[in-house]
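**Student:** Starting off with a structure, shown below.
Bear in mind these aren't lab numbers, they're just calculated from the coordinates by the rules spelled out. All figures in this text were calculated on a predicted structure; none of them were measured in a lab. Because the Cβ atoms are built from the backbone with ideal geometry, glycine has one as well, and the counts that use them run over all protein chains shown.
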Amino acid sequence: MFTGLVQALGQIQTCDRDRVSIDCPAIAKNLAIGDSVAVNGVCLTVVEILSYGFIADMSPETLNRSNLGQRNDCPANLEPALAVGDKLGGHFVSGHIDGVGTLVDRIKQGDAWELSFTAPEQVGRYIVEKGSIAINGVSLTISKCNASGTGFSTAVIPHTYHNTNLSHIKLGSYVNLEADLLGKYVEKFLRQGLVSPEHSPTRLPDREVTPDFLAEHGWGS
């Protein structure tokens, strides 16, 4: 489990179909075999400690779902796993990427930045205004989005912008997206009839969850 608060920037040195090596002297001294580290939001397990960083195994699923297989000079966002007693300053981030989006616009607003992204439909369905999302492992708040969630913007404060790779990614670059975990469970419970005002076990029809759908099943005002 992670918080989406990046601890350091690293550099992907080598990446193939099975393994990735990360140059990260800022956190390497505190790592141990078996530790979890979010690399651009992807939860990886440390299998070997190096003098300058670590090596992690990767599965085809990881490469297919994320941007880790796309080599570039952009640094990688790094966050060690949340430890018991640590402060939770972002939101609950699992490190399991839902899909890859694209940076489409960057606008400076005073000292802050507004970044706009596209998202695939399977991620957009969980994107709501003022909701949370992890972009390359960075916990951010959605400032606005279209009805489908496939286009959205986030406001990024100077500290976050300059201490993560959000200041390095270029327009058109791919970013890892992880939607808020809570939204996924709520949707499943509604579809399977596990939650209803009367706690009915009746399975709800396999329909899109819309305001009309919620009102029909007793969730309206």
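**Student:** Can you compute the FRET efficiency between ALA83 and ASP57 using 1/(1 + (r/R0)^6), with r the Cβ-Cβ distance and R0 = 22 Å? Round to the nearest 0.05.
**Tutor:** Efficiency for this residue pair is about 0.50.
**Student:** Give, to the nearest whole percent, the P(r) tail of the chain beyond 23 angstrom, counting all Cα pairs.
**Tutor:** 50
**Student:** Lysines near LYS108 by alpha-carbon distance under 28 Å, same-chain residues fewer than 8 away left out - which ones?
**Tutor:** Straight-line reach from LYS108, under 28 Å: LYS130, LYS144, LYS170.
**Student:** The range 99-180: Rg/Rh from Cα coordinates, Kirkwood Rh?
**Tutor:** 0.92
**Student:** Order 116-127, 49-60 from most to least packed using the mean count of other Cβ atoms within 10 Å.
**Tutor:** So the order, starting with the most tightly packed, is 116-127, 49-60.
**Student:** Once you wrap a convex hull around the alpha carbon atoms of the range 79-126, what is its projected area averaged over all directions, in nm²?
**Tutor:** Its Cα hull, projected and averaged over all orientations, spans 5.1 nm².
**Student:** Hey, for a label at GLN11 modelled as a point 7 Å past Cα toward Cβ, could you say which residues of the range 154-189 have their backbone N under 18 Å away?
**Tutor:** Within reach of a label on GLN11: 163-170.
**Student:** Compute the helix-to-body angle for 181-192: its Cα long axis versus the longest principal axis of the chain, expressed 0 to 90° and rounded to tens.
**Tutor:** That works out to roughly 30 degrees.
**Student:** Under 16 Å from the 7 Å Cα→Cβ point of ASP111, by amide nitrogen: which residues of the range 146-161?
**Tutor:** 156-161
**Student:** Taking one equal scatterer on every alpha-carbon of the range 8-80, how large is log10 of I(q)/I(0) by Debye at q = 0.13, 0.18, 0.22, 0.25 1/Å?
**Tutor:** -0.30, -0.59, -0.91, -1.21
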